[in-house]
1. Pairs only if they're at least six apart or on different chains, beta carbon under 6 angstrom, first in segment 120-135 and crowded, with 16+ Cβ neighbours inside 10 Å, second basic (Lys, Arg) and not in a loop (DSSP other than H, G, I, E, B); list them, first residue then second.
2. Note down all Cβ pairs under 7 Å where the first residue falls in segment 210-221 and is surrounded by 10 or more Cβ atoms within 10 Å (Cβ to Cβ) and in a loop (DSSP other than H, G, I, E, B), the second is acidic (Asp, Glu) and modelled with pLDDT of 95 or more, and they're at least six residues apart or on different chains.
3. Among the residues of segment 1-57 satisfying the criterion of being hydroxyl-bearing (Ser, Thr, Tyr) and at pLDDT below 95, which is farthest from residue 346 (Cα to Cα)?
4. What are the residues in segment 71-106 that are over 28 Å from the mean Cα position of the chain (by Cα), loosely packed, with under 15 Cβ neighbours inside 10 Å and in a loop (DSSP other than H, G, I, E, B), if any?
5. Between residues in segment 46-66 that are free of Cβ contacts under 8 Å to residues at least 60 places away in the same chain and residues that are surrounded by fewer than 13 Cβ atoms within 10 Å (Cβ to Cβ), which pairs lie under 9 Å by C-beta distance while being six or more apart or on different chains?
6. Looking for whichever is in contact (Cβ under 8 Å) with a residue 24 or more places away in the chain and of a type in the set (A, V, I, L, M) here; the options are 326, 294. Which one fits?
7. Which of the residues belonging to segment 294-313 are within 34 Å of the chain's Cα centre (by Cα) and either closer than 22 Å to residue 234 by Cα or assigned to a helix (DSSP H, G or I) (or both)?
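The values are calculated or read from the model by the stated rules, or taken from the named source; none is laboratory data. Model, not experiment: these values are computed from the prediction. Here Cβ is always computed from backbone atoms with ideal geometry, including for glycine, and neighbour counts include all displayed protein chains.
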Amino acid sequence: MRPLEQLLVVDFSQFLAGPSASLRLADLGARVIKVERPEGGDLCRSLYVSNLELDGDSTIFHTINRNKESFAADLKNPAGRAVVRDLVSRADVVIQNFRPGVMERIGFHYEAVRDYNPRVVYGEVTGYGKTGPWRDKPGQDLLAQSLTGLPWLNGDASQPPVPFGLAIADMFAGAHLVQGILACLVRRGITGQGGKVEVSLMESVLDFQFEVLTTHLNDGGLQPARSGVNNAHAYLGAPYGIYATADGYLALAMGSVSRLGQLLGCEELLQYTDVKRYFTERDQIKEILARHLAGQTTGHWLSILEPADFWCSDVLTWRELMEHEAFQVLDFVQVVTRRDGVSLSTTRCPIRIDGEIYKSPKGAPSLGQHTAQILAELSSGRKDDSQ
């Protein structure tokens, strides 16, 4: 039995942050019902990644909405709202990520839901919180990254600000929402009290930077100084970075520069015995390393550094990773299938409980796929798991 079985999650959210949270709850056993517009549904259905779609929906929608059900309802219509209210009244968890004021206008904000479902755990994602001058700014990942200073940590000093190539604001906000929801569910199990969980893209990205922001808050407010050579962390000294070799790339983490010089046979590095110079002369050290490492293959350098327990690794492509035994032993890929037989290879839940790997063959729902079934359950008073 998965730990969240028997829990019902009603998910109004769309795009990535909210749906990533409900995905994890579904992985852990909860029944998740997406409430979608009859026309078009979740906007993520048409949010294409590399113009790739499957069975009429974007692959990203398939990926982040697997193992869920779809209930189509017009929330602008009183009849539609009445049916959804019946569904919400039975929910253990409600999730939404609309801009401030939207749920209030249609009557599904926390205070309204709590009146008829006092045990509900209500999760809410915003872009920048519900107060302040940015409350109505679009809660989009790149914008949240940019407004929180994160791109100034990436790339080399000569480059403009470089954002992450992943929707990290959405993903971290979703993860934080799950943490808060689970905490409230634990409290509810002890006291019977529900609660409201609020996260924002901005706060999640700020929390992501907690180490470097703490440094900034205590170093007189200095701006981060990216390395001009092979930057990988604005606040770490040499040799930290990724370096080109004769046939690929080599990643080097923290370690003694002078010892690295001994291991690599690079006499120029032997002079750096003072660890303070690793940062103050970071670019000079990295330039020496870059020239030296380019002379041999990645495999050659790994054969020296790994037996010496110097922290290093190859820099793999996805294809190289997936062909490696270290990836294959994780059993991290699963195939999910829609009711019409359309299948998709995707990743599984990364969490193991009691040694069990959690997979499900249930693909993302087509728009309104479960509406009739859920209506029948509501009329009969049942709260059954979908098969």
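1. What qualifies is 122/196.
2. none
3. Step one: list which residues in segment 1-57 are hydroxyl-bearing (Ser, Thr, Tyr), which gives 13, 20, 22, 46, 48, 50.
If we keep only those that are at pLDDT below 95 as well, we get 46, 48, 50.
Details: 46: 18, 48: 16, 50: 16 Å.
Of everything passing the filter in segment 1-57, 46 is farthest from residue 346 (Cα to Cα).
4. Listed by number, the residues that qualify are 74, 76, 77.
5. 46/40; 58/49; 58/52; 60/49; 60/52
6. Details: 326 fails: in contact (Cβ under 8 Å) with a residue 24 or more places away in the chain.
The unique qualifying residue is 294.
7. Matches in segment 294-313: 298, 299, 301, 302, 305, 310, 311, 312, 313.
Yes/no matrix, rows are residues, columns are (1) part of a helix (DSSP H, G or I); (2) surrounded by 13 or more Cβ atoms within 10 Å (Cβ to Cβ); (3) within 13 Å of the chain's Cα centre (by Cα):
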residue: 158; (1), (2), (3): no, no, no
residue: 161; (1), (2), (3): no, yes, no
residue: 165; (1), (2), (3): no, no, yes
residue: 170; (1), (2), (3): yes, yes, yes
residue: 174; (1), (2), (3): yes, yes, yes
residue: 177; (1), (2), (3): yes, yes, yes
residue: 188; (1), (2), (3): yes, yes, no
